[in-house]
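Below is one structure; the comments refer to it alone.
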Amino acid sequence: QVQLVESGGGLVQPGGSLRLSCEASRFTVSRNAMRWHRQAPGKERELVAVIGASGGTNYADSVKGRFTISRDIAKNTVYLQLNSLKPEDTAVYYCNTWIGSTTYWGQGTQVTVSS
C-alpha cells in the first residue's frame, strides 16, 4: 500500500529554519511528481512546492526564495527546506502525489512560527 509519512515539523521563531521530510513507500519518488501543500487554520489547503519526475521544481510565490524542495532517491524521500520562516507560514504541511487516477496524502506535520 502506498504510504507517505511526513516528519520534521515543530515550533520555530520567526526567521528560523526547519527541514520537513516525506518518506515514501510502495512507489519510487523519482518516477512521480511530488508535492508539498499546507493548510493554515481557517484557510484552504494550498500548493507550496512541486518536484517533477525529471527533477524540475516550482514554488508558490509566497515561498519562492525561502523554501526548497528536493529528493533523495536512495532514501525514497522528499524534503522541504523552510528558511526565513514567517508567522504566516504556520500551517500543517502535507506531502502528496498522484499515481494513476489516485491521489495520496500523508498525515501532515505541524509547523508553528511564533516568538
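Things to note:
- Only Lys, Arg, Asp and Glu carry charge here, each on its Cβ (+1 for the first two, -1 for the last two); on that basis the stretch 4-52 has a dipole of about 100 debye about its Cα centre.
- Full-extension gain in nm, Trp105 to Arg66, via 0.36 nm per residue minus C-alpha separation: 11.7 nm
- Normalised contact order of the stretch 39-115, rounded percent, pairs of Cα under 8 Å and 6 or more residues apart: 22 percent
- Volume per residue of the convex hull around the Cα atoms, evaluated for the stretch 35-101, comes out as 103 Å³.
- Modelled FRET efficiency - R0 41 Å, Val2 with Ser115, Cβ distances, 0.05 increments: 0.60
- A prolate overall shape is assigned to the chain, the ratio a/c of its alpha-carbon gyration tensor axes (a ≥ b ≥ c) being 1.5 or greater and a/b exceeding b/c.
Where a number appears in this text, it was derived from the coordinates with a stated rule and is not lab data. Note that the structure is a prediction, hence the values are computed from the model and not measured. Cβ coordinates were reconstructed from backbone atoms using ideal geometry, including for glycine residues, and neighbour counts include every protein chain displayed.
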